[in-house]
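Every read-out reported here was derived from the displayed coordinates using simple, explicitly stated rules and does not represent laboratory data. Only a predicted model underlies this, so the values are computations on that prediction, with no experimental measurement involved. Positions of Cβ are generated from backbone atoms using ideal geometry, with glycine treated the same way; all protein chains shown enter the neighbour counts.
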Ligand SMILES: Cc1cc2nc3c(=O)[nH]c(=O)nc-3n(C[C@H](O)[C@H](O)[C@H](O)COP(=O)(O)OP(=O)(O)OC[C@H]3O[C@@H](n4cnc5c(N)ncnc54)[C@H](O)[C@@H]3O)c2cc1C
């Protein structure tokens, strides 16, 4: 007999996301963004399905963050703020997202994480997020079939995690973004500090934005790129790689957890095994 | 392969009360259960309270939970009489210890009045079938319950609350349905279901059945069975409730159901019920669990002893423990606590009805069958009343 987990690990977060996707597909709901955060509100796993609007990514993440840091579901917050929750958005740089589809993961009488979904109506978002939380009470494990682009991103990130584990390197966070720098997938391995996920996401964004290794943003476009602060995501540090598939630019990947050069080496080694090329 | 118009999966209180209601019509229907007998799951592990509706904060007007429960209240005496099942009006006491309790009960009282007693109420029940709730002061309360704690200052009294024996009731419903033509197939676990254009093939551990309509009343497994045909458009979380029974000697201590309001940040129920077979039943220690969880954590008994000690102080309850046991029920909207029943046809799977009850499911049984019959009729099932329906005859449902 299995026990209800008392901590959200990467594998539990993926089980939650798979359950949400399965529910959405079974009920013919629109593809959206699916986020799971830890008890501090930091992303453990995130996926955006093909066709889901890019803006849903941060909405899903911020919903999950709101549920955890406010210790209540979006439904409750909506009611207790009498629909005026948006006013609170002068705080926290607008992160508070007081709408349904935000659920704290409650287990053993405490909040151990949060689930967020964005991409459908408020009612659909709520139902999908509920399906996510409830997945921690399920014994069965299954992987939902996803569309082509997300399934490629899954494959790539799993290879990275396998490589890191096999070689006993330090645990990493993996970020995969599309050709516009918008996240498709974010995974944080257990014991990787939460800051690594943000670094990985910024590296992937930088690689995608400049279509090269992330550190080349500096080399090609001058020191100012990193110092003018025109975009807080620019991170010209090794560990971000722009990807080509069938000679076509498809997006970027970033990882963080080891020394930057090592992070870069991991990506370069792993993509060789799959059919991706790094844009140099 | 056997063919049926309607297949009911699950022979708990939901499946059996639906079967009994359907047996009033000319229809070819069967009930399947994995166990070799009726009502061995949730229906056998509960507080046995019925005629709920006026007594609890959870009955929000507008929910199916409130509708089915309140509308069931006037149906209980006749139903149990027809079937020869024990039924007893005990009355419920919402215990008041301070002003804040009183304010909450006042809100509840108003709600009960608005939802069922006013002539224009959504679930209007006349006064001879639903007695109005009333506030009791300390003295009248002491007259009713002489051993009650001196910390209790008064109570909201619901004279309608009753107890029955849910297992006997489910068996009687099944046997009456069987006598009126519904078939039963026990000891058959559902393994898979195939969805075709006009029919389903239900594959059990031993048989395959062809059926036009499926009613999924599998208790804690409704979601899993629904997923087999992509008919799960809801979510619930399994909640374990731990109860303790005290022996027959405790019967004379207390004659009403009584409960304290939940405290902030404390989800557990604090209630006592004099059950129909004698003795007091106390609970409920609640916990989200895996549905196969069989553990019985010691906090359960500790909580239940605290509860009864708080209501009736100074009695050696520890020496009168008969058994501690648990039931696992589905809770919808668990993240907000706004539970509701699901009795509905899913969006994309016609000829299928999911029945998720959870708290107060037994209590809603008389209306549940009628609700399902309505859904079947709305789906175009032709239901012609049977002129020779007998509401009291019985026939065994076990494997012959
Ligand atoms: C602690 C506790 C206290 C409660 N107190 C009360 C109360 O005081 N009053 C009240 O009204 N309600 C109460 N309830 C709720 C009430 O017990 C339930 O709502 C009710 O019993 C649900 O009945 P059911 O028929 O839906 O489920 P069940 O009784 O569980 O019936 C489901 C049936 O489906 C069968 N089944 C499941 N899976 C399969 C499968 N794969 N194949 C074939 N058959 C299958 C099972 O064997 C079972 O017989 C309480 C519940 C609990 C847990």
**Message:** Give me the mean projected area, in nm² to one decimal, of the convex hull enclosing the Cα positions of region B:211-279.
**Reply:** 8.1
**Prompt:** When only Cα pairs under 8 Å and 6 or more residues apart are kept, what is the percent relative contact order across region B:263-315?
**Reply:** 32
**Prompt:** For region B:1-107, how big is the tail of P(r) above 22 Å, as a whole percent of Cα pairs?
**Reply:** 50
**Message:** 7 Å from Cα along Cα→Cβ at both residue B:384 and residue B:189: what's the point-to-point distance in nm?
**Reply:** 4.1
**Request:** Provide, for q = 0.05, 0.08 Å⁻¹, the log10 of I(q)/I(0) from a solvent-free Debye sum over equal Cα point scatterers in the protein assembly as shown.
**Result:** -0.29, -0.69
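How would you order B:276-287, B:122-133 from highest to lowest mean count of nearby Cβ atoms within 10 Å? Spell out each step's value before the answer.
Details: B:276-287: 22.8, B:122-133: 15.1.
Packing order, densest peptide first, comes out as B:276-287, B:122-133.
Other chains' Cβ within 10 Å of B:220-229 residues: what's the mean?
Numbers: counts 0, 0, 0, 3, 2, 0, 1, 5, 0, 1.
Counting other chains' Cβ atoms within 10 Å and averaging over B:220-229 gives 1.
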**Request:** Determine the calculated [θ] at 222 nm for chain A from helices alone, applying -39500 (n - 2.57) to every DSSP H run no shorter than 4 residues and normalising by the residue count; nearest 500 deg cm²/dmol.
**Result:** -12500 deg cm²/dmol
**Message:** Using the basic label-point model (7 angstrom from Cα toward the beta carbon), what is the residue B:296 to residue B:89 distance in nanometres?
**Reply:** 3.6
**Item:** Helix B:99-112 vs. chain B, principal-axis angle (Cα, 0 to 90°, nearest 10)
**Value:** 40
**Prompt:** If you line up the long axis of helix B:13-22 against the longest principal axis of chain B, both from Cα atoms, how many degrees apart are they, to the nearest 10?
**Reply:** 50
**Message:** Report the Rg/Rh value for region A:148-279, based on alpha-carbon coordinates and the Kirkwood definition of Rh.
**Reply:** 0.94
**Prompt:** Per the helix-only calculation at 222 nm, which mean residue ellipticity applies to chain B, given -39500 (n - 2.57) for every DSSP H run of n ≥ 4 and division by its residues, nearest 500 deg cm²/dmol?
**Reply:** -7000 deg cm²/dmol
**Complete:** P(r) of region A:10-135 over all Cα-Cα pairs, 10 Å bins starting at 0, rounded to whole percent, reads 16, 51, 29, 4
**Asked** Rounded, prolate or oblate: which fits region B:54-162, taking a ≥ b ≥ c as square roots of the Cα gyration tensor eigenvalues, rounded meaning a/c under 1.5, else prolate when a/b beats b/c?
**Response** oblate
**Asked** If you take the C-alpha gyration tensor of chain A, multiply each eigenvalue by 5 and take the square root, what semi-axes do you get, largest first, in whole Å?
**Response** 31, 21, 17
**Inter-label distance for residue A:155 and residue B:127, nm, one decimal - labels placed 7 Å from Cα along Cα-to-Cβ** = 7.5
**Request:** Under a 10 Å cutoff between Cα atoms, tell me which one of A:119, A:40, A:252 has the largest fluctuation in the Gaussian network model of chain A.
**Result:** A:40
**Prompt:** Tell me, what is the percent relative contact order of chain B, built from C-alpha pairs under 8 Å that lie six or more residues apart?
**Reply:** 27
**Asked** Pairing the Cα long axis of helix B:298-311 with the longest principal axis of chain B, what angle in degrees results, from 0 to 90 and rounded to the nearest 10?
**Response** 50
**Fill in**
Note on chain B: alpha-carbon gyration tensor, axes a ≥ b ≥ c; rule is a/c under 1.5 for rounded, else prolate if a/b larger than b/c, else oblate; result prolate
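With viscosity set to 0.692 mPa s and temperature to 37 °C, compute the Stokes-Einstein D of region B:328-400, Rh being the Kirkwood radius across alpha carbon pairs; µm²/s, no decimals. Show your work: numbers first, answer last.
On the way: Rh = 15.1 Å.
Estimated diffusion coefficient is 217 µm²/s.
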